[in-house]
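Below: the structure, in structure tokens.
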Amino acid sequence: MRRPVDPDPRPALVLRRAVLEDVPRVVEIERDGFAHPWSRELLERELDHAWSHTLLALEPDAGRGERVLGYIVFWLVHDEVHVLNVATALEARRRGVGRALMDAAEEAGRLRGARLSTLEVRRSNAPAIALYVRLGYRQVGVRPNYYAEEREDAIVMVKQLP
Ligand SMILES: CC(C)(COP(=O)(O)OP(=O)(O)OC[C@H]1O[C@@H](n2cnc3c(N)ncnc32)[C@H](O)[C@@H]1OP(=O)(O)O)[C@@H](O)C(=O)NCCC(=O)NCCS
């Protein structure tokens, strides 16, 4: 008898730019993901800046429309991508959502001639650092006490875009 085939745990992801109506769901994921979440106002302001891009990862949800599983906010400035924020909903972690969002930001940069992607991450944020290292980012510096509330250092990471 043949073994039943395991269903693929990775969701079929669709990526698109966020619009104002998406902000409440982004705030929800943000609150679950960070001790100091971005406010609704801050997220809305990012949508207005020409250089800022907010992408969503969505799972098509048969019969119920789409479900936002994660998002990334990045700036395209000169020849650099600057990743400001990336988060995956708690229930969708370790299913490739963060990776897909980072790949999409880098691809958007590449299409506009970016040669470098940069970001800052809390020294204690092991999951995020693991994601970035996996994607080819390397540590190039430390900003001491960058996160003032906890006096926590930021690790500065960069990746040359191929
Ligand atoms: C960091 C974060 C965005 C990762 O998102 P994710 O969708 O779970 O990541 P992915 O499934 O795409 O992971 C891709 C790879 O990154 C690494 N990785 C991701 N999370 C990890 C974890 N918790 N521990 C170790 N490695 C991890 C693994 O190499 C993983 O590949 P694998 O699952 O095949 O082993 C998510 O943990 C999150 O939202 N954290 C809270 C918000 C946050 O801290 N954002 C970063 C701000 S700088």
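FYI, it's all coordinate maths here, none of it is from the lab. If you're wondering where the values come from, they're calculated on a predicted model, not measured in any experiment. FYI the Cβ positions are ideal-geometry reconstructions off the backbone, even for glycines, and counts take in every protein chain you see.
Listed values, structure above:
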quantity: For residue 161, distant residues with modelled amide H under 5 Å away; calculated: 116, 117
quantity: Computed [θ] at 222 nm, deg cm²/dmol, the chain (DSSP H ≥ 4; -39,500 (n - 2.57); rounded to nearest 500); calculated: -8000 deg cm²/dmol
quantity: Acute angle (nearest 10 degrees) that the helix 97-111 long axis makes with the longest principal axis of the chain, alpha-carbon atoms; calculated: 60
quantity: Whole-angstrom gap from region 12-91 to region 113-159, using each part's C-alpha centre; calculated: 19
quantity: 3J(HN,Hα) from dihedral phi, region 34-41, Karplus parametrisation 6.51/-1.76/1.60, rounded to Hz, x for glycine, proline; calculated: 9, 5, 10, x, 5, 7, 4, 4
quantity: Region 1-124 - charge dipole about Cα centre, Lys and Arg +1 at Cβ, Asp and Glu -1, debye rounded to 20; calculated: 540
quantity: Amide H within-cut-off set for residue 142, under 5 Å, with H built and near neighbours excluded; calculated: 156
